[in-house]
Amino acid sequence: MKGRRSDTASAMSGGDVTSMEFQDNQRCFVCGKHNPDGLHLDFEPDGTAGVRTIFTIPERFQGFAGIAHGGILATILDECMVHTVWLSGTAAVTARFEVRLLRPVPIGQQVTFHARVSRESARGVEVEAHAELADGTIAAQSKGLLVKVGGGATRMLTQD
């Protein structure tokens with residue numbers, strides 16, 4: 001309809017997200033166990049207010065020769081932030097996301113992704129994340145705002 005925003009556009013700009021339905025059917029590209037093309041990442045608690053996951057970037061996610069594409073790093077950072085909020089028992093979705101790519105990540109290198117809640121309000125949760133190489137170098141940093149969703153949104157962080 002002309003002049004009317006979609007529910008998704010309204011939700012992501014701070015509108016009503018309670019009318020949207022969020023179901024975990026295990027087909028998420030990052031963590032879904034039933035997505036044949038997915039990464040199948042597992043997330044575990046990291047301290048009292050965060051999560052982490054470890055992933056070795058395969059060649060199929062290459063940007064320039066021998067270097068991981070920044071988009072795959074951003075995707076995993078975003079998912080790590082979402083899992084951090086869900087682990088705390090709050091259902092939320094990403095509304096704003098910013099990433100800084102600091103160093104190239106070589107293909108085939110193990111990367112540990114960490115995220116933690118930095119601030120929470122009645123409507124949303126601010127989260128910070130980073131990608132760390134095996135030698136401790138921070139290769140990417142991100143921050144985001146996740147908007148809380150109501151209704152029956154549920155998600156399990158560990159599945160069989």
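Every number here is computed from the coordinates shown, using simple stated rules; none is lab data. Owing to the predicted nature of the structure, the values given are computational and were not obtained by experimental measurement. Virtual Cβ from ideal backbone geometry, glycine too; neighbours counted across all protein chains shown.
Before moving on, here are some points about what is shown:
- Isotropically averaged projected area of segment 24-148, using the convex hull of Cα atoms (one quarter of hull area), nm²: 7.4
- With the highest mean first, a sort of the peptides 71-80, 85-94 on other beta-carbon atoms found within 10 angstrom per residue produces 71-80, 85-94.
- His69, His34 arranged by Cβ crowding within 10 Å, fewest neighbours leading: His34, His69
- Mean sequence separation of contacting Cα pairs (under 8 Å, at least six apart), scaled by the length of segment 24-148, corresponds to a relative contact order of 24 percent.
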